[in-house]
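The values are calculated or read from the model by the stated rules, or taken from the named source; none is laboratory data. Predicted, not measured: the structure shown is a model, and the values here were computed from it. Please note: Cβ atoms are built from the backbone with ideal geometry, for glycine as well, and neighbour counts cover all protein chains shown.
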């Protein structure tokens, strides 16, 4: 790059090579199982070689995030993506070694290539281009490479709790280069029906929790159909799924307990309290009267939905940048999964979008991969979005 180059532009061939090499480095560093330390050390060393100011945030004494900042001015924008991944899973299902980055057919294969190291690599290359011309930046740009996203958003939640604020944010997740302005929340519950154990040869002496649970499951299935009728314009339909079931201790014992897990996807127009109360009411009413069984509903986790107004400056900037890049009109829509946007929007009150290369459908799968072409285009997309946002002094 030449000295007179705009901070918001980068030669495509340079971006491609830099992003490809960086993604290979990131995939080669295992970062699952609460092991963010090595990949964060790599990023700190990389930034310090470029004299980019950065710091590590620890949680309970363990490294969790790297935060770097360049530019000047009253306004700030965050680039947020995560370094941690899910485990590689059954390696026999992979056609490549999931822990060794493999380039073929225009993609880089390996655990985390799609979720979300490819997004992070594109963000970092864009951020480093901005850092190289930081004296010309009219706004502050903050890179947050966070850990613990796969474990409940620990890294982003920590930064928000520590006072991190900005005027806008971009969350790096795979969206096929189209901005997303909202996502569903998720409510995970356990429902336990409790009965009474007895010898299987004398069933009247016990209360069969599995049999009692059958009525509960049937009622929840009816509720699920009703929940699916609810829609929100950006994120689509709500859902309720019974995802696991366990019960009984032996073939010759009347089961005293049966437990199911529920995954309830919550629309931005819904609340945790309403979704939970509806489920509690349904399972309570469904329990067979006089059978002697009882029921308990326990909340496992709730991640709130989030949404950014359509007229927010960051939404308009991303729509314009994506329309230019893709050569067709692009309007922000909803994201099918949950992500760290919820903590930026709901905790930090930061107008945020989700934006990144390739498809979220590749995440958490065997043969996870990232398109090098898509990642290269994402570098330009991030830069152009920041450029348009920096020039817009609206909401």
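Among the residues of the stretch 357-386, how many are part of a loop (DSSP other than H, G, I, E, B) and over 12 Å from the mean Cα position of the chain (by Cα)?
The number of residues fulfilling the criteria is 7.
Taking the stretch 27-46 only, how many residues are under 20 Å from residue 142 (Cα atoms) and buried (at least 20 other Cβ atoms within 10 Å of the Cβ)?
Residues that pass the stated criteria total 4.
With 284, 244, 271, 294 as the choices, which residue is under 30 Å from residue 168 (Cβ atoms) and in the same structural domain as residue 205 (by TED's automatic domain parsing)?
271
Output yes when any residue across the stretch 65-72 is over 21 Å from residue 382 (Cβ atoms) and either at pLDDT 95 or above or touching a strand residue (DSSP E or B) at 6+ places or on another chain (Cβ under 9 Å) (or both), and no when none is.
For the stretch 65-72, residues over 21 Å from residue 382 (Cβ atoms) and either at pLDDT 95 or above or touching a strand residue (DSSP E or B) at 6+ places or on another chain (Cβ under 9 Å) (or both): absent.
Need the failing condition index for residue 88 against (1) closer than 23 Å to residue 337 by Cβ; (2) buried (at least 19 other Cβ atoms within 10 Å of the Cβ), just the number.
(2)
Kindly establish whether residue 69 is part of a strand (DSSP E or B) and either within 17 Å of residue 365 (Cα to Cα) or touching a residue at least 40 places away in the same chain (Cβ under 8 Å) (or both).
Values: part of a strand (DSSP E or B): yes; either within 17 Å of residue 365 (Cα to Cα) or touching a residue at least 40 places away in the same chain (Cβ under 8 Å) (or both): yes.
When the stated conditions are applied, residue 69 passes them.
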